[in-house]
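This report concerns only the one structure given below.
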Amino acid sequence: MDQSHKRTESKRTSVLASCLLCLMLLAGGHHAAFAQSDDDLALLDRSAKAFSSVVKKAGPAVVYVGVEKETSAKGMPQFPDMFNDPFFERFFGPQFRHPRTNPKQDKRTFKQQAAGSGFIISGDGYILTNNHVVEEASKITVRLADKREFQAKVVGTDPQSDVAVIKIDAKDLPVLPLGNSDKLEVGEWVIAIGSPFELSQTVTVGVVSAKGRNRMGITDYENFIQTDAAINPGNSGGPLLNIRGEAVGINTAIFSRSGGYMGIGFAIPINMAKSIEQQLRKSGKVTRGWLGVMIQDVNEELAKSFGGKAGGALITEVSDDSPAKKSGLLQGDIVMSINGEPVADVADLRNKIAMTPPNTDLKLHILRDGTEKDLVVAVGEQPADMGALAKKMTGTALGEFGLTLQDLTKEVAEQFGYAKDQGVLIADVDANSPAAELGLQSGMLIEEINRTRVRNLKELQQSLKKAGNAKQILLRVRSGEQSQYVVLQLK
């Protein structure tokens with residue numbers, strides 16, 4: 001280790017010690033603060049200056065992103081009463097009806113304005129932000145920290161990860177260095193910079209609360225960094241920084257019951273964003289890896305039935321003519337690791353495969369009939385229409401609604417507390433799909449289709465063929481001891 005590196009590590013240790021002292025002073029109240037020695041106050045002062053130094057270096061590369069969108073009355077959000085829906089009346093009789101306008105006949109257009117954040121990743125004007133910030137924008141205005149304004153164009157967007165790249169026509173811009181989010185540890189200090197409520201260059205400080213958060217229903221591919229650094233509407237697209245001033249995440253979403261900050265924010269790991277950003281700049285789109293399997297989590301009860309332990313991902317279906325089929329993967333196999341890296345669950349496997357370039361060979365360690373073995377699979381390219389693929393694999397039209405279904409085997413039925421042939425199990429629900437919007441979740445059971453009892457996929461398919469409107473289906477869905485009717489419909 002050279003002397004400069006030692007000095008850097010020593011300085012970093014001093015800063016962390018100062019931050020810990022800061023917390024102790026806050027916990028002890030103002031009377032304790034007055035009792036500190038001059039040396040303690042000096043440490044506290046250095047801690048404050050350390051954060052300030054990071055912000056001064058990073059701030060010029062963080063931008064305000066103003067967006068203008070045009071929408072018609074047809075596209076304005078509607079709030080229909082499900083029980084007044086004519087489709088619902090077919091099965092339950094007439095309901096009380098309220099008059100409402102027909103948005104399809106309203107030709108008016110409206111301008112909507114929104115704001116977010118972003119950060120410059122190259123001196124010639126490339127900017128990272130969120131897809132939901134610039135999606136369907138008719139005009140994008142970028143304002144730099146020095147108050148200069150530019151009109152931006154969209155280079156590429158990836159709704160599945162919520163990453164977008166935009167560009168302004170400028171040169172010699174300040175650039176924010178990108179860090180390594182894989183090395184980020186829970187408990188580390190992080191800094192968020194952005195434009196909450198259009199207040200540009202707002203700085204908040206917190207720690208990494210957790211890593212690998214998924215199944216939040218925010219995007220299709222989730223591996224979020226959770227932080228308690230204050231993030232509010234308008235922070236979306238801004239950077240989450242480590243204490244070295246490197247971007248380790250893109251601030252994306254908050255958990256809130258009020259619409260404002262409640263101590264839980266989520267950021268896309270920068271390592272995930274790097275790969276996506278490079279593809280968007282190169283081709284304007286993202287190509288993902290694909291195995292061609294349906295999968296579900298393995299809990300302790302299910303693991304006992306398959307002769308293993310909890311963890312990994314259980315293959316429930318293998319698509320014909322898929323990379324999985326060609327490599328010899330079978331229904332009932334449990335994928336335990338990829339290239340020596342453990343697979344934690346379904347979301348972990350999906351992310352690992354999706355981030356693998358097509359035509360890459362992967363070594364899968366699997367459990368089959370209680371015996372461990374290795375298989376090499378050449379990853380394919382993810383089809384453009386995954387909904388159609390789900391329809392083909394499950395043999396139903398419900399893939400279009402975001403549902404992945406499977407028959408109840410004896411082991412799966414015991415896992416969820418159902419009886420075999422009691423219904424059709426929802427194995428997975430696509431984020432932002434019609435099914436997800438209704439609150440349908442994996443583990444629920446479909447017992448009726450349009451008031452007709454279904455016990456397996458074959459009966460479900462037969463009921464769907466009899467349906468007069470394949471884009472609107474009445475389901476009776478069970479979750480544990482309770483069941484409810486829902487109308488599943490395509491927009």
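Of the residues 236, 256, which is outside any helix (DSSP H, G or I), more than 22 Å from residue 142 (Cα to Cα), modelled with pLDDT under 95 and not hydrophobic (A, V, I, L, M, F, W, C)?
Numbers: 236 fails: more than 22 Å from residue 142 (Cα to Cα).
Matching residue, one of 236, 256: 256.
Residues in the stretch 396-406 that are of a type in the set (Gly, Ala, Ser) and in a loop (DSSP other than H, G, I, E, B): how many? Let's see the steps before the verdict.
Kept after step one, since they are of a type in the set (Gly, Ala, Ser), are these residues of the stretch 396-406: 397, 399, 402.
Narrowing further to those that are in a loop (DSSP other than H, G, I, E, B): 402.
Qualifying residue count for the region: 1.
Taking the condition crowded, with 22+ Cβ neighbours inside 10 Å and closer than 21 Å to residue 261 by Cβ, does residue 218 pass?
Values: crowded, with 22+ Cβ neighbours inside 10 Å: no; closer than 21 Å to residue 261 by Cβ: yes.
When the stated conditions are applied, residue 218 does not pass them.
Out of everything in the stretch 231-289 that is over 26 Å from residue 49 (Cα atoms) and charged (D, E, K, R), what residue ends up being surrounded by the fewest Cβ atoms within 10 Å (Cβ to Cβ)?
257
For the stretch 137-164, what are the residues that are touching a Ser or Thr at 6+ places or on another chain (Cβ under 8 Å), in contact (Cβ under 8 Å) with a residue 24 or more places away in the chain and not aromatic (Phe, Trp, Tyr)? Walk me through how you get there before you give the answer.
Of the residues in the stretch 137-164, the ones touching a Ser or Thr at 6+ places or on another chain (Cβ under 8 Å) are 143, 145, 149-152, 156, 159-164.
Cutting the leftovers down to in contact (Cβ under 8 Å) with a residue 24 or more places away in the chain gives us 143, 145, 150, 152, 156, 159-164.
Scanning the stretch 137-164 gives 143, 145, 152, 156, 159, 160, 161, 162, 163, 164.
Quick check: is even one residue across the stretch 95-104 over 25 Å from residue 438 (Cβ atoms), open to solvent by 30 Å² or more (accessible area, probe 1.4 Å) and modelled with pLDDT under 95?
Within the stretch 95-104, the first condition is being over 25 Å from residue 438 (Cβ atoms), and the residues that meet it are 99.
Next, from what is left, pick out any that are open to solvent by 30 Å² or more (accessible area, probe 1.4 Å): 99.
Those still in the list that are modelled with pLDDT under 95 too: 99.
Among the residues of the stretch 95-104, at least one is over 25 Å from residue 438 (Cβ atoms), open to solvent by 30 Å² or more (accessible area, probe 1.4 Å) and modelled with pLDDT under 95, which makes the answer yes.
For residue 490, indicate whether it is in contact (Cβ under 8 Å) with a residue 40 or more places away in the chain, surrounded by fewer than 21 Cβ atoms within 10 Å (Cβ to Cβ), under 24 Å from residue 221 (Cβ atoms) and of a type in the set (A, V, I, L, M). Give the steps one after another, and end with the answer.
On the way: in contact (Cβ under 8 Å) with a residue 40 or more places away in the chain: yes; surrounded by fewer than 21 Cβ atoms within 10 Å (Cβ to Cβ): yes; under 24 Å from residue 221 (Cβ atoms): yes; of a type in the set (A, V, I, L, M): yes.
It is true that residue 490 is in contact (Cβ under 8 Å) with a residue 40 or more places away in the chain, surrounded by fewer than 21 Cβ atoms within 10 Å (Cβ to Cβ), under 24 Å from residue 221 (Cβ atoms) and of a type in the set (A, V, I, L, M).
Taking the stretch 273-302 as the search range and keeping residues that are touching a Ser or Thr at 6+ places or on another chain (Cβ under 9 Å) and aliphatic (A, V, I, L, M), which one is nearest to residue 225 (Cα to Cα)?
Selected residue: 273.
Applying the selection to the stretch 299-322, what residues are open to solvent by 20 Å² or more (accessible area, probe 1.4 Å) and more than 13 Å from residue 368 (Cβ to Cβ)?
Across the stretch 299-322, the qualifying residues are 299, 300, 301, 304, 305, 309, 310, 311, 317, 320, 321.
Name the strands (runs of 3 or more DSSP E) wholly inside the stretch 407-491 in which the number of residues that are out of contact with any helix residue (DSSP H, G or I) (no Cβ under 7 Å at 6 or more places or on another chain), under 23 Å from residue 313 (Cα atoms) and of a type outside the set (Gly, Ala, Ser) is 1 or more.
Correct list: 424-429, 445-449.
Here's the yes/no breakdown for (1) aromatic (Phe, Trp, Tyr); (2) out of contact with any Asp or Glu (no Cβ under 7 Å at 6 or more places or on another chain):
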{"residue": "245", "(1), (2)": "no, yes"}
{"residue": "273", "(1), (2)": "no, yes"}
{"residue": "290", "(1), (2)": "yes, no"}
{"residue": "293", "(1), (2)": "no, no"}
{"residue": "318", "(1), (2)": "no, yes"}
{"residue": "322", "(1), (2)": "no, yes"}
{"residue": "329", "(1), (2)": "no, yes"}
{"residue": "332", "(1), (2)": "no, yes"}
{"residue": "344", "(1), (2)": "no, yes"}
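What number of residues within the stretch 174-196 are touching a residue at least 12 places away in the same chain (Cβ under 8 Å), more than 11 Å from residue 227 (Cα to Cα), not in a loop (DSSP other than H, G, I, E, B) and not hydroxyl-bearing (Ser, Thr, Tyr)?
Looking only at the stretch 174-196, we keep the residues that are touching a residue at least 12 places away in the same chain (Cβ under 8 Å), and these are 174-182, 184-196.
Now restrict to residues that are more than 11 Å from residue 227 (Cα to Cα): 174-182, 184-185, 193-196.
Next, only the ones that are not in a loop (DSSP other than H, G, I, E, B) stay: 178, 181-182, 193-194, 196.
With the extra rule that they be not hydroxyl-bearing (Ser, Thr, Tyr), the set shrinks to 178, 182, 193-194, 196.
Count: 5.
What are the residues in the stretch 405-421 that are open to solvent by 50 Å² or more (accessible area, probe 1.4 Å) and aromatic (Phe, Trp, Tyr), if any? Show your work before the answer.
Residues of the stretch 405-421 that are open to solvent by 50 Å² or more (accessible area, probe 1.4 Å), as a first pass: 407, 409-411, 414, 416-417, 419-421.
Within the stretch 405-421, 416 is the sole residue that qualifies.
For the stretch 145-170, give me the residue count where each residue is open to solvent by 10 Å² or more (accessible area, probe 1.4 Å), in a loop (DSSP other than H, G, I, E, B) and within 21 Å of residue 201 (Cα to Cα).
Within the stretch 145-170, residues that are open to solvent by 10 Å² or more (accessible area, probe 1.4 Å), in a loop (DSSP other than H, G, I, E, B) and within 21 Å of residue 201 (Cα to Cα) number 6.
Restricting attention to the stretch 234-252, does a residue exist that is hydroxyl-bearing (Ser, Thr, Tyr) and under 25 Å from residue 184 (Cα atoms)?
Pass one, the stretch 234-252, residues hydroxyl-bearing (Ser, Thr, Tyr): 236, 252.
If we keep only those that are under 25 Å from residue 184 (Cα atoms) as well, we get 236, 252.
For the stretch 234-252, residues hydroxyl-bearing (Ser, Thr, Tyr) and under 25 Å from residue 184 (Cα atoms): present.
Sort out which residues of the stretch 332-362 are surrounded by 14 or more Cβ atoms within 10 Å (Cβ to Cβ), of a type outside the set (Asp, Glu) and farther than 19 Å from residue 220 by Cα, and write them in order of number.
As a first pass, look at the stretch 332-362 and keep what is surrounded by 14 or more Cβ atoms within 10 Å (Cβ to Cβ): 332-338, 343-356, 358, 362.
When the remaining residues are screened for being of a type outside the set (Asp, Glu), the result is 332, 334-338, 343-344, 346-347, 349-356, 358, 362.
Residues satisfying the conditions are 332, 334, 335, 336, 337, 338, 362.
The values are calculated or read from the model by the stated rules, or taken from the named source; none is laboratory data. The structure presented is a predicted model; accordingly, all values stated were derived computationally and were not measured. Positions of Cβ are backbone-derived with ideal geometry, glycine not excepted, and every protein chain shown enters the neighbour counts. What goes into the accessible areas is simple: the full protein's heavy atoms, side chains included, and nothing from ligands, DNA or RNA. Shrake-Rupley method; radii C 1.70, N 1.55, O 1.52, S 1.80 Å.
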